[in-house]
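The values are calculated or read from the model by the stated rules, or taken from the named source; none is laboratory data. Keep in mind it's a predicted model, so treat the numbers as computed, not measured. All Cβ positions, even for glycine, are placed from backbone atoms using ideal geometry, and neighbour counts span all protein chains on display. Remember, those area values only see protein heavy atoms, side chains included, never the ligands or the DNA or RNA. Shrake-Rupley method; radii C 1.70, N 1.55, O 1.52, S 1.80 Å.
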Amino acid sequence: GAGVSQTPSNKVTEKGKYVELRCDPISGHTALYWYRQSLGQGPEFLIYFQGTGAADDSGLPNDRFFAVRPEGSVSTLKIQRTERGDSAVYLCASSAGETSTDTQYFGPGTRLTVL
Amino acid sequence: GNSVTQMEGPVTLSEEAFLTINCTYTATGYPSLFWYVQYPGEGLQLLLKATKADDKGSNKGFEATYRKETTSFHLEKGSVQVSDSAVYFCALSGTGGFKTIFGAGTRLFVKA
């Protein structure tokens, strides 16, 4: 079956602009995670959804970052007033389980470049 | 806070050599431990995991044993192949909340 998909694969924007990154999880997966991966580093947790609700948003770096999952499937990560330091690969993962120890399936990521 | 430290790369080996990639962790409670792999041009994927002390995770010839006494989860493979060339990430979760904490990754090159 289809895996996790993310769009766009690449996004180039200017400092101060607003961006939206989309994640389509594996069908039927109730858990969805967003991570940010900077060059040469491992993924850094941002937010976790179980169904439609954000059960853990402790990794969001500041209030410029926001994510939604209105129907419990597709999720959108929104970044306002982008800064050069936001440049990274944004990864989405989904899981059939309800805990972080259940297997997560990762998408290919969206590479965000803020000029 | 919780953290994962893994050996810096790149690691370069000849085909059929023995592989060890070291991983140590700091955590409160009793985390679950993971190795993820990212092959060139592909997304991150789970390689193996262990959920309690002394458990051994294994997959595709790779093994790692959860050692609570040394807070380690070293990845090993007896005979690497060129197709094992990838970036390997050690990670932990299950210490409260839903975070998975990753190490910085170790790049492995295997030469024919």
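Here are some notes:
- Every condition in (1) touching a strand residue (DSSP E or B) at 6+ places or on another chain (Cβ under 6 Å); (2) away from chain A (no Cβ under 12 Å) is met by B:Ser79 except one, and the failing one is (1).
- Some residue of segment B:55-66 being over 24 Å from A:Gly97 (Cβ atoms) and modelled with pLDDT of 95 or more: yes
- Qualifying positions in segment B:44-76 - more than 12 Å from chain A (Cβ to nearest Cβ), basic (Lys, Arg) and either assigned to a loop (DSSP other than H, G, I, E, B) or open to solvent by less than 70 Å² (accessible area, probe 1.4 Å) (or both): B:Lys60, B:Lys68
- Failed criterion for B:Val110 (all others in (1) more than 10 Å from chain A (Cβ to nearest Cβ); (2) over 23 Å from A:Ser100 (Cβ atoms); (3) assigned to a loop (DSSP other than H, G, I, E, B) hold): (3)
- Tally of residues being free of Cβ contacts under 8 Å to residues at least 40 places away in the same chain and closer than 18 Å to B:Lys77 by Cβ across segment B:8-43: 0
- Checking B:Phe102, B:Phe73, B:Phe98, B:Phe109 one by one, the residue that is closer than 25 Å to B:Thr28 by Cα and touching a Pro at 6+ places or on another chain (Cβ under 9 Å) is B:Phe102 and no other.
- Only one of the numbered conditions (1) part of a loop (DSSP other than H, G, I, E, B); (2) hydrophobic (A, V, I, L, M, F, W, C); (3) within 9 Å of chain B (Cβ to nearest Cβ) is violated by A:Ile26, and that is (3).
- Scanning segment A:35-68 for residues that are basic (Lys, Arg) and surrounded by fewer than 19 Cβ atoms within 10 Å (Cβ to Cβ) yields a single hit, A:Arg64.
- Within segment B:27-43, considering residues that are surrounded by 13 or more Cβ atoms within 10 Å (Cβ to Cβ) and closer than 14 Å to B:Ser93 by Cβ, the one nearest to the other protein chains (Cβ to nearest Cβ): B:Ser32
- Residues that are more than 9 Å from every other protein chain (Cβ to nearest Cβ) and in a loop (DSSP other than H, G, I, E, B), drawn from segment A:40-55: A:Gly51, A:Thr52
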